[in-house]
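What follows is a single structure, written as structure tokens, with notes after it.
The values are calculated or read from the model by the stated rules, or taken from the named source; none is laboratory data. Owing to the predicted nature of the structure, the values given are computational and were not obtained by experimental measurement. Please note: Cβ atoms are built from the backbone with ideal geometry, for glycine as well, and neighbour counts cover all protein chains shown. Surface accessibility is based on the protein's heavy atoms, side chains included, excluding ligands, DNA and RNA. Shrake-Rupley method; radii C 1.70, N 1.55, O 1.52, S 1.80 Å.
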Amino acid sequence: MSCANQLSPPGGEKDIIPPQIISSYPENGMTNFEDNYIEFTFSEYVNKRTINDAFFISPILEDVPEFSWTNKSVEINFNEKLKENTTYSIVIGTEVTDINNNNKMIEPFILTFSTGSKIDSGNISGKIFADKADGTMIFAYVNKSDTLNIYKNKPNYVSQINKKGEYKISGLANGTYELFAVKDQFKNLVYDKGEDLIGYATNSIIISDSLNKVENINFFLTKEDTLPPNFQAITMTDKNHIVVEFNEPIDSSKLSNINFSIIDSTQNSTIDVKTVFKGNSKKSEYILGVVDSLNVENNIYLIAKNIFDLSKNEMLSQSINFTPSEKADTNIIKISKLNTPFNSNTIDYQSPNFIINFSDAFDISNLSNDIKFLNPDSSEITFNFSKIDDASIKIIPEKDLKPKSIYKLKIDFKDIIDLAGNKIDTVLINKINTISNMEFSGVSGIVKSKNKNVKVVINNIENKKSQLQKEIIKDGKFEFDRIIPGKYLLWIYDDKDSNNAYSFGNFDSLKYSEEFKFYPDTLNLRPRWPIGDIEIEF
């Protein structure tokens, strides 16, 4: 009388075809629309719940519409009357997935129609330049500077980027608009500071009869950090070391032992923190050194003051209780890492430098007599060294070195003693190589611009941290030489505030972002083959 559960036949090729909308009511561009519903038909069965997060209508409606399904079609009923003589733009975003394999739509579907006799023809388009920008929304507000509040008010118009990071907002009436790119984590159509990524436009956008198509309104995305750092965890690993983890990376340049103190509340006494250095594990982890023993029976607190994060937010003061340790420190100091600009202990022969990270803190001021930097013939090289923290130093030879040569770093550990008194009487020798003068590339060109403070930037695609910046030199020319081979992106920006860094903008201070432009091609820089004649109009 009946069959077993009905399923798709097993086997076959994996479904990799994304769903798409194959028809709509009304059709795109329809005028004099009078109904209170619209309808979309998909190319295949889709997850019904995904369209709720993917449906956007501009101008925004007060009431949430209702969705009813028939096979592959969805009817969307409005619970309020549409405004008269108004152009509406519907966006079905890329969150819609199919049932077979959760394939997402490749790009948003945009439907524009009007309840009046004409379609407002204004549109704004551009691109988001950011990693993992999928799902980023474009919020467009009709410019009313006295009421505009992106923290509370939903935008008048919304759109979404496609897989290439491109977007388009259509059906705009004449007027002035403020645009923001928001990666809306909570799907609430407002900007949640500290949670959402945001991008600011470079200015207001004006739509008029003579200018109803505005292109290249592009965005960078950033996360605005307004909260001070806080303790994440604290562990005393032995009698002399306390590992402190913050909830975010800290500005190490403003950090020292004077930022910390230890309180024994039982004895009402204060214990000094002697040393601070950056560990080699987590980015937000630091190791504090103490000499005085702490009583494990007492209540012990660590107090931190005037700690800054990378966004210049300041922790004024915070205390945290921790458990002291009676375990003895028996580890000897060693080199934990030679930090060189290139791989395999390799440095540049011009303006050479490298960093030595030790495994523990010690009195670095006594190190000058115990460390030697030697030529290939074992003669000594004069150098300067600067302290980075209580366990790290930077070595800077006073003269340039020879290319493609092997140098030696010699360290006598007999006078290197940690806070617990551990030391080892040994001499350690490490090889330091210099790079060949044949291994560099370069790029040069010209920027044609009326802006007076243009900066040129190249980013290594493989190494996101590798970024080089040049100011425009005479006659708009720029040149990067001695560049490590690889694939690079080149872009320029107008440094209006002259701070030598790109400014993303800020809503609270009413600042737009600085204008920027990317060179369209990826630069494949090869050894001994610099690229010249780059030309950008800005």
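Each part reduced to its alpha carbon centroid, region 242-259 and region 485-506 end up 28 Å apart.
The residues TRP491, TRP69, TRP529, sorted by heavy-atom accessible surface at 1.4 Å with ligands and nucleic acids left out, run TRP529, TRP69, TRP491 from largest to smallest. Extent along the principal axes, Cα only, for region 283-327: 38, 20, 15 Å, with the longest axis given first. Among the listed pairs LYS223/LYS465; LYS152/LYS312; LYS450/LYS517, those whose Cα-Cα separation exceeds 22 Å are LYS152/LYS312. Here's the picture: charge each Lys and Arg Cβ at +1 and each Asp and Glu Cβ at -1 in the chain, and of SER293, GLN267, PRO108 the one pushed furthest to the positive end of that dipole is SER293. Calculated over region 26-70, the projected area of the Cα convex hull averaged across directions stands at 4.2 nm². Region 40-85 and region 355-402 have Cα centres separated by 67 Å. For the chain, averaging the sequence separation of C-alpha pairs within contact (under 8 Å, six or more residues apart) and dividing by the residue count gives a relative contact order of 8 percent. Remark on region 303-377: hydrodynamic radius 17.1 angstrom, per the Kirkwood mean of 1/r across alpha carbon pairs. With both labels modelled 7 Å from their Cα along Cα-to-Cβ, the ASN71 to ILE17 distance reads 1.6 nm.
Pair-distance distribution of region 337-381: all C-alpha pairs, bin width 5 Å, starting at 0; shares per bin in whole percent are 5, 16, 20, 27, 20, 10, 1.
The spread of Cα positions in region 301-442, taken along each principal axis and listed from longest to shortest, comes to 56, 42, 23 Å. Stokes-Einstein, applied to the Kirkwood radius of region 443-494 over Cα pairs at a viscosity of 1.002 mPa s and 20 °C, places its translational diffusion at 186 µm² s⁻¹. Solvent-accessible area per residue in the chain equals 55 Å², computed with a 1.4 angstrom probe and all protein chains kept. Extension gain for ASN101-GLU326 works out to 75.4 nm (0.36 nm per residue, less the C-alpha to C-alpha distance). With the gyration tensor restricted to C-alpha atoms of the chain, the semi-axes of the equivalent ellipsoid amount to 55, 32, 25 Å, longest first. When you restrict to C-alpha pairs under 8 Å that are six or more residues apart and normalise by the size of region 210-354, the relative contact order lands at 25 percent. Placing pseudo-labels 7 Å out from each Cα toward the beta carbon at GLU462 and GLU537 gives an inter-label distance of 3.5 nm. Put a plus charge on the Cβ of each Lys and Arg, a minus charge on the Cβ of each Asp and Glu, and nothing anywhere else: the dipole of region 21-110 about its Cα centre is then about 240 debye. Work out the charge dipole of the chain with +1 on the Cβ of Lys and Arg and -1 on the Cβ of Asp and Glu about the Cα centre, then indicate which of PRO527, THR97, VAL243 is farthest towards its positive end. Most positive-ward Cα: PRO527.
Of LYS168/LYS477; LYS283/LYS414; LYS282/LYS387; LYS144/LYS213, which ones are farther than 29 Å apart at the Cα? In this structure, LYS168/LYS477; LYS283/LYS414 lie more than 29 Å apart at Cα. Counting only protein heavy atoms and a probe of 1.4 Å, the accessible surface of the chain is 46% carbon and sulfur. Here each label is just a point 7 Å from Cα along the line to Cβ, and for GLU80 and LYS511 those points are 3.6 nm apart. Could you tell me how far the Cα centroid of region 146-169 sits from the Cα centroid of region 287-347, in Å? Distance between centres, Cα-based: 44 Å. For a Förster distance of 35 Å, can you work out the FRET efficiency between the beta-carbons of SER336 and SER379, rounded to the nearest 0.05? Efficiency computed from Cβ-Cβ geometry: 0.80.
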